[in-house]
């Protein structure tokens, strides 16, 4: 309830500043997301058509995630839990605090990745990171608490 009130107050404040309806802001965000997504897809197709091995976006991200940057897999899990699994009763009610917890956990995975001596992460570790990220995104940073 408190989060809905904060969002309502923020949206009312934005509307007063610009005199634009909230739907305009939503449309702007949607257009930006569509443009970014299409740009990435077009670049991925373009890069996959050349003869250079491993230069695609998915190839580079996969190489990063299986190396010391395994926080990517953890963060992907968190976003998945946040967007698609959301809990009606998250463990942390305050949206700011839930985001703070998620950021701290992501920073911990970045630090652990930087300190690792081994450069490769197994698929089992990747699966654990993805699932634990989805659980954390589901129970702490839930979309359904708005």
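Values for this structure:
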{"read-out": "Protection-proxy order for peptides 123-135, 50-62, each taking the mean of Cβ atoms within 10 Å per residue, highest first", "value": "123-135, 50-62"}
{"read-out": "Dimensions (Å) - the range 56-146, Cα atoms, principal axes, largest first", "value": "38, 25, 22"}
{"read-out": "Approximate spin-label separation residue 38-residue 64, in nm, with each point projected 7 Å along Cα-to-Cβ", "value": "2.4 nm"}
{"read-out": "Exposure proxy order (Cβ contacts within 10 Å, fewest to most) of 84, 71", "value": "84, 71"}
{"read-out": "Residues 70, 46, sorted so that the one with the fewest Cβ neighbours within 10 Å comes first", "value": "46, 70"}
{"read-out": "Exposure proxy order (Cβ contacts within 10 Å, fewest to most) of 76, 64", "value": "64, 76"}
{"read-out": "Length released on extending from residue 96 to residue 48, taking residue separation times 0.36 nm less the Cα-Cα span", "value": "13.3 nm"}
{"read-out": "Fully extended contour minus Cα-Cα distance, from residue 123 to residue 24, at 0.36 nm per residue", "value": "31.3 nm"}
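FYI, it's all coordinate maths here, none of it is from the lab. Treat the numbers as computed from the prediction; the structure is a model and nothing was measured. Here the Cβ is made from the backbone with ideal geometry for all residues, glycine too, and neighbour counts use every protein chain on show.
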